[in-house]
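Read-outs: derived from the displayed coordinates by stated rules, not from any lab. Because the structure is predicted, anything quoted here is derived from the model rather than measured. Ideal geometry is used to build each Cβ from the backbone, glycine not excepted, and the neighbour counts take in all protein chains shown.
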Amino acid sequence: MSKAQFAQRRDGRIAALQYLFAWSLNPPMNLTDDLRVFFESQEHPREHYAFGEELIHGAIQHMAEIDGHIRSLAHNWEFDRIAKIDLAILRLAIFEMKYRNDIPPVVSINEAIDLSKQFSNNDAKRFINGILDRLKGQLGRDARKAETPA
């Protein structure tokens, strides 16, 4: 992956995180309209964030299952007490780890930790890493490799 592609994916993840955070506070009545308005407010054209938009749709589509994973993996934490920004980071990373086999799980974990450093508090990275590391052990695939479709 080139530096430009990496930067574009990073921008997409940041946009997805921002959207999922806002969504968790106030879910829109119409996702299509809300996404159009959201992407109009971004720095780059909507196409630049295509990867992020895929993550948004996937995380929202699989939210119930993703939240179930968080509930089972967040030892000694009540789900409702997890900071909304940390929840958005976890939802994003767990979607990638469970549904995007083209992304090695360790990449998703590293990206989530970087997002937590940028958008959350100092304790968040340990909490997020702990949950994602436990999930990594349950995936049944090589955490350092992407899987390409046959």
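The table that follows gives values for the structure above.
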read-out	value
Charge dipole (debye, nearest 20) of region 13-86; +1 at Cβ of Lys and Arg, -1 at Cβ of Asp and Glu	140 debye
Listed peptides 19-26, 60-67 by packing density, highest first (mean Cβ within 10 Å)	19-26, 60-67
Separation of alpha-carbon centers, region 12-42 and region 63-135, rounded to whole Å	19 Å
Cα-based shape type of region 55-122, given that a ≥ b ≥ c are square roots of the gyration tensor eigenvalues and the cut on a/c is 1.5	oblate
Cα gyration tensor, region 1-81 - rounded (a/c under 1.5), prolate or oblate	oblate
Phi-based couplings in Hz for region 88-102 (Karplus 6.51, -1.76, 1.60; Gly and Pro marked x)	5, 4, 5, 4, 4, 5, 5, 4, 4, 5, 8, 10, 10, 5, 7
Global form of region 3-138, assessed from the alpha-carbon gyration tensor, a/c cut-off 1.5	prolate
Selection from 24, 88, 108 lying farthest towards where the dipole of the chain points positive, charges on Cβ	108
Relative contact order %, the chain, counting alpha carbon pairs below 8 Å whose residues are six or more apart	23 percent
Peptide ranges 35-48, 127-140 listed from the most packed, as the mean C-beta count within 10 angstrom indicates	127-140, 35-48
